[in-house]
Each structure stands twice: as C-alpha cells, then as structure tokens.
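Here's the structure, in structure tokens; my notes come after.
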Amino acid sequence: MTGFKKFKKIYFIGIKGVAVSGLALILKQLGFEVSGSDVPDKFLTDKVLLENKIRIFKKFDAENLKIFKPDAVVFGASWVKNSELAYAVRNKIPSFSESDVRGWISRQKKTIAVTGVHGKTTTTAWLSYIFSRDKKDPAYLFGSSKAYGLKGNGHWGSGRHFIVEGDEYAKSISNSRPKFLDLRPKITVITSLEWEHVDIYKNLVQMQKVFTDLIDKTISNKGKIFVCSDWPAINKIISGKKNIITYGFNSKALWQPYDVRFFPGYTLFKIKKREKFFGEFKIRLLGSHNVLNACVCAAVASGEGVSKEKIRQALFNFKGTKRRFNISRIKNVTYIDDYGHHPTEISTTLEAVRQKFPKKYVRCVFQPHTYSRTRALLENFSGCFGKCDQIVFTDIFASAREKKKSCSSEILCKKTGTSHPDARYTGSLKSTKKFLDKNVKKNDVVVVMGAGDVYKLIDN
C-alpha cells in the first residue's frame, strides 16, 4: 500500500456495502475523487453516498471503468470474481481489497480497533460518538449505514484517533487472512468470542487463533487490549499475556458494571474500576449486553483523556445505529428492526424486547443468513426464540460466496417447532408481508431480525 496517496481517482467495486461505503466517504474527505458500482437494488447506504455526491454505477460493467478512468480500484470481499476487477487486472490498474485500504488508513492515526463476534458495530459507533462529543474529531469507520448523531458510517476527522470496527471475517473468497489483521491497532477491544463464520472457521479453536494473533500484534505495537472476560473463549487466549485490561460482570474484571436496573426506555448502572467506584451511568440502549458495551466505552475513553462527565453525557445521549434495535410505531403496531443473525444475538435481543414490553404479544420474523451458518448452528438456532410468542421464518438470505443449499428455513422451522409452541415458515418476503398484514393485531410487537434484506418488511 505504499504510494497510495499518489492516486487521485478511486473506483469501488461493491460500493454499497456498509464497510466499503464508509471507506468511500473517508477517501473522498481525504481529497480523492471517488465513484463505484453495485447492484441496482436499494441499499441502506444509498442515501449517505448520494448525499456526499458519490456517483454510483448501477451494475457491474467494465464500461464503467472506461468512463470513470480510475487510477486505482478497491474491491469488496464478495467481488473478487467480477468483470470490472478482471478488466482492471488486464489493464494493469492497481487493485486493492477494502481491507488493504482500511489497513493503510489505520497507519495514519492512533487506531482503536473494536472487534468481537457480537457488539462491535454499536461499540465502535458509541466510542466515535463519545470522542466526537469531546471535540476530539476522530476518524471512524463502522459496519452500519448510520449512527444517530454522527456524520456517516465513515469520517476522516482532524483528531489523532481512528476508531474502526475490526472484522474477523476473511479478506476475500481467495484470501482467508482475517481483515482485522491488516489494521495496526494501538488499542484493541474484544467484546465477545464464540464460534461464528462457519464457512471460514471450522471450529472455535481456529477463531481463537486469529484473535490471539490480533492480541499479539497489538502487544508488539506496544498497545493495550480491552477484553470482556465474561467469555470463556476469551479467557483462554489472554492467559499469560501482558497489557490486558478486563471488563465484565464477573468479580475478577478490572472494570465491572454492577447494580444494573432496567426501566422503560433506559438503564441505570454503576461501574467499578479496580474495586473502586468509578461512576453511575444512564443509557438509552436496552439489554445487559449494552451495559457491557457502555462499560468498555467508558474504560477506553477515560484512558484517552475524556472526562467522566463527558463520558456520562455521551453514553446517555447516544441513540444507537441503524438496524440495531431500531424501534418504530406504525398503525398502532411496534416494529423493532435488528441485524441479529447469530443465536446468541437473537436470544439477547429478544431478552431486551421482553424487558421493554413484558406484557405485549411479541412476534419475531427471522431471516436466516447463509446456508452454512444455519446448518452448522441449527441446534442453537432452534432454541433461541423462547422469549417470543410466535417465530416466523422467511427463506434464507444466501451469501454471494455460497454455491449450494446445505440447509433450509423449512428444516429450521420444523426443528424449532419441537420446543416452541408457534413456529411458522412463510417463504419469500412478499409472502411474509402478506402473512403479517393478515395476522398482526393492534398493539402487537413485531421484531424483524437478520443480516439480509428483511428490514424491507418495515420499509415497505
């Protein structure tokens, strides 16, 4: 990536992806001329790209590159086998993965990398919000189309920090190196660790290996690692490591939230630092998992010079990110849109729903994400919907990387039905919408979950 600054025109393949769109915003703010292509479907990132006057070509076509004439091409992880990239390679146009570019950016500032299989998007955006409210003007990049109170999902600030979501997924279908190992973090956060991305990692041990590599890389950079020690898989990889700062509900954690009290619309809790009272805090985001996210935000921000009062104000004023427990009220029905697509995320989110709506009828509409994950975690999925009154399964949203169907929503529905009293399979989003229109009643709560396009049930 040496010499990247010499380029003037950058073309992004798969520009609507949440990770790639944020990079496009940052490069434009750095002075590059930016454009890119994607499929014509409507994405949540369309708005922010258009607001920043970034031209989007509505299909993948080598002719686009002939029109734009880029100095360099950046491709998203799913688009290695793409006609535009093939054209760039044939014509010797320098080409980089989005992970390469993220790594290059991380070398320009003091990088805070937020990682973990759950909670990293919210925590990255929350930290970015805290630093922004303290007038530190950080650069930031996170995996959602929007965080309320921030300028976009990517921003190049004048401050010395780069707060970035570190992804454990592979760089591309042809390169299994985890994306977060391209970063050069001075501070690393690991929010959680369990088996995930089953198409890349055969077991938890393989995941522990790459997170260990990240810890070692941070240590070699004379950095600090904040880890949630409530996760057994994390505790196994930090043993004997230096520069480790733990947080969690367990009594051995250096930073520990306690006296947690849930109220309609907010949560109160206190934090201890090394057994001494640090402060009392109030947050709008629901669920015990967000208490932990807030705790590590307080720990990191405090270490970087943000005052306790600024932390307290920003923790409360932060309203979350797009597709993370977004609540809307439409025609006397409460809808909750959430990105959760792993059994742990689903059960945690539904627990928070029950905290907020203890007496309401809760219907969960779940769109499984990828055949491989659904098959590998079938047993876990089938048992994670206990907090909802009815579970509705749409068809699986497949990854562009998957070549065969190894499982189905019908199988998942049947398996779930052995323990849940009301499990339904509705098929396509169109047929699911008809089912909801017919069955949803006044004052119901409908939770729409999944990493695909299931959010369109609410938008439409």
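Each residue in the stretch 231-243 was checked for being part of a loop (DSSP other than H, G, I, E, B), surrounded by fewer than 17 Cβ atoms within 10 Å (Cβ to Cβ) and either in contact (Cβ under 8 Å) with a residue 60 or more places away in the chain or on the phi < 0 side of the Ramachandran plot (or both), and 3 of them qualify. Can you find, within the stretch 394-408, the residue that is nearest to Lys430 (Cα to Cα) among those that are in a loop (DSSP other than H, G, I, E, B), at pLDDT 90 or above and not hydrophobic (A, V, I, L, M, F, W, C)? Per the stated criteria, the residue is Asp395. Selection of strands (runs of 3 or more DSSP E) fully inside the stretch 276-367 by the criterion of at least 3 residues being surrounded by fewer than 16 Cβ atoms within 10 Å (Cβ to Cβ) returns 276-283, 326-330. Every test in (1) part of a helix (DSSP H, G or I); (2) more than 27 Å from Phe131 (Cα to Cα); (3) among the basic types (Lys, Arg) is passed by Lys217 save one, and that test is (2). Checking Arg329, Arg363, Arg354 one by one, the residue that is within 17 Å of Val440 (Cβ to Cβ) and without any contact (Cβ under 8 Å) to a residue 40 or more places away in the chain is Arg329 and no other. Restricting the stretch 234-253 to residues that are of a type in the set (A, V, I, L, M) and in contact with a helix residue (DSSP H, G or I) (Cβ under 6 Å, 6 or more places away or on another chain), the residue that is farthest from Glu304 (Cα to Cα) is Ile237.
Scanning the stretch 157-205 for residues that are under 29 Å from Trp255 (Cβ atoms) and polar (S, T, N, Q), we see that the one that is farthest from the chain's Cα centre (by Cα) is Thr188.
For the stretch 131-144, check the following and say yes or no: at least one residue is part of a strand (DSSP E or B) and touching a residue at least 40 places away in the same chain (Cβ under 8 Å). The answer is yes, given that some residue of the stretch 131-144 is part of a strand (DSSP E or B) and touching a residue at least 40 places away in the same chain (Cβ under 8 Å).
Using the structure shown, decide if Asn64 is surrounded by fewer than 20 Cβ atoms within 10 Å (Cβ to Cβ), free of Cβ contacts under 8 Å to residues at least 60 places away in the same chain, polar (S, T, N, Q) and over 17 Å from Val18 (Cβ atoms). For Asn64, the condition - surrounded by fewer than 20 Cβ atoms within 10 Å (Cβ to Cβ), free of Cβ contacts under 8 Å to residues at least 60 places away in the same chain, polar (S, T, N, Q) and over 17 Å from Val18 (Cβ atoms) - is not met. Exactly one residue out of Ala86, Ala77 is over 24 Å from the mean Cα position of the chain (by Cα), in the same structural domain as Gly22 (by TED's automatic domain parsing) and small (Gly, Ala, Ser): that is Ala86. Inspect the stretch 22-35 for any residue being surrounded by fewer than 19 Cβ atoms within 10 Å (Cβ to Cβ) and either in the same structural domain as Glu165 (by TED's automatic domain parsing) or in contact with a Leu (Cβ under 8 Å, 6 or more places away or on another chain) (or both) and give the result as yes or no. Checking the stretch 22-35: not a single residue is surrounded by fewer than 19 Cβ atoms within 10 Å (Cβ to Cβ) and either in the same structural domain as Glu165 (by TED's automatic domain parsing) or in contact with a Leu (Cβ under 8 Å, 6 or more places away or on another chain) (or both).
The values are calculated or read from the model by the stated rules, or taken from the named source; none is laboratory data. Bear in mind the structure is a predicted one, so any value in this text is a computation, not a measurement. Please note: Cβ atoms are built from the backbone with ideal geometry, for glycine as well, and neighbour counts cover all protein chains shown.
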